[in-house]
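Everything on this sheet refers to the single structure shown next.
The values are calculated or read from the model by the stated rules, or taken from the named source; none is laboratory data. Everything numeric here is computed off the predicted structure, so don't read it as measured data. All Cβ positions, even for glycine, are placed from backbone atoms using ideal geometry, and neighbour counts span all protein chains on display.
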Amino acid sequence: MDIKVGVRELNGERNISIVDLNGEIDVYTSPKVKETIMELIDAGHYALVINLEKVRYIDSTGLGVLIGGLKRVREHSGAVNLVCTNPQIKKIFDITGLVKIFGIYETEEAACGNL
């Protein structure tokens, strides 16, 4: 399976970058996701919304990429919020306890509004 990665900018007072992911995030596709997130952070984007609405599957490698991105933006007082409506994906964040470190929202507007 493959992953499609897109990036959009919301130019408001926080200059939010939205990363749209579509597909499966696993050991094979995670490097592409990580590369995109790290390029944004290296370019000075510290307010990230990662849209997981079209993600069908995420494994521990994918979770590690998200955590790594969160650690990097926090070094710059930034934040990462997730948009997640898939009950199976949400359950993974619940089971792993990652709901406590990520802001997880039903809509992109809510995720952007809480950065």
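Out of Gly68, Gly6, one residue alone is surrounded by fewer than 20 Cβ atoms within 10 Å (Cβ to Cβ), touching a residue at least 24 places away in the same chain (Cβ under 8 Å), within 21 Å of Leu115 (Cβ to Cβ) and under 13 Å from the mean Cα position of the chain (by Cα). It is Gly68.
Can you say whether Leu82 is more than 19 Å from Glu35 (Cβ to Cβ) and surrounded by 13 or more Cβ atoms within 10 Å (Cβ to Cβ), as far as the supplied structure shows? It would help to see each step written out before you state the result.
On the way: more than 19 Å from Glu35 (Cβ to Cβ): no; surrounded by 13 or more Cβ atoms within 10 Å (Cβ to Cβ): yes.
Answer is no for this residue.
For segment 51-58, the criterion of being at pLDDT 95 or above and either farther than 20 Å from Thr29 by Cβ or in a helix (DSSP H, G or I) (or both) is met by no residue. Given the options Ile37, Ile18, Ile41, name the one that is of a type in the set (A, V, I, L, M, F, W, C), touching a Lys or Arg at 6+ places or on another chain (Cβ under 6 Å) and not in a strand (DSSP E or B). Of the residues listed, the single one that is of a type in the set (A, V, I, L, M, F, W, C), touching a Lys or Arg at 6+ places or on another chain (Cβ under 6 Å) and not in a strand (DSSP E or B) is Ile41. Note on segment 75-86: residues that are farther than 12 Å from Ile50 by Cα and either part of a strand (DSSP E or B) or not hydroxyl-bearing (Ser, Thr, Tyr) (or both) amount to 4.
Restrict the check to segment 72-90 and report whether at least one residue is without any contact (Cβ under 8 Å) to a residue 12 or more places away in the chain, under 15 Å from Leu115 (Cα atoms) and either charged (D, E, K, R) or touching a strand residue (DSSP E or B) at 6+ places or on another chain (Cβ under 9 Å) (or both). Checked segment 72-90: at least one residue is without any contact (Cβ under 8 Å) to a residue 12 or more places away in the chain, under 15 Å from Leu115 (Cα atoms) and either charged (D, E, K, R) or touching a strand residue (DSSP E or B) at 6+ places or on another chain (Cβ under 9 Å) (or both).
Listed by first and then second residue, the pairs with beta-carbon distance under 6 Å, at least 6 apart or on different chains, first residue in segment 30-48 and over 21 Å from Ser77 (Cβ atoms), second small (Gly, Ala, Ser) and surrounded by 14 or more Cβ atoms within 10 Å (Cβ to Cβ), are Ser30/Gly62. Of all residues in segment 9-48, those being more than 18 Å from Thr107 (Cβ to Cβ), surrounded by 15 or more Cβ atoms within 10 Å (Cβ to Cβ) and polar (S, T, N, Q) number 3. In segment 87-113, of all residues being assigned to a loop (DSSP other than H, G, I, E, B) and under 14 Å from the mean Cα position of the chain (by Cα), the one that is surrounded by the most Cβ atoms within 10 Å (Cβ to Cβ) corresponds to Phe102.
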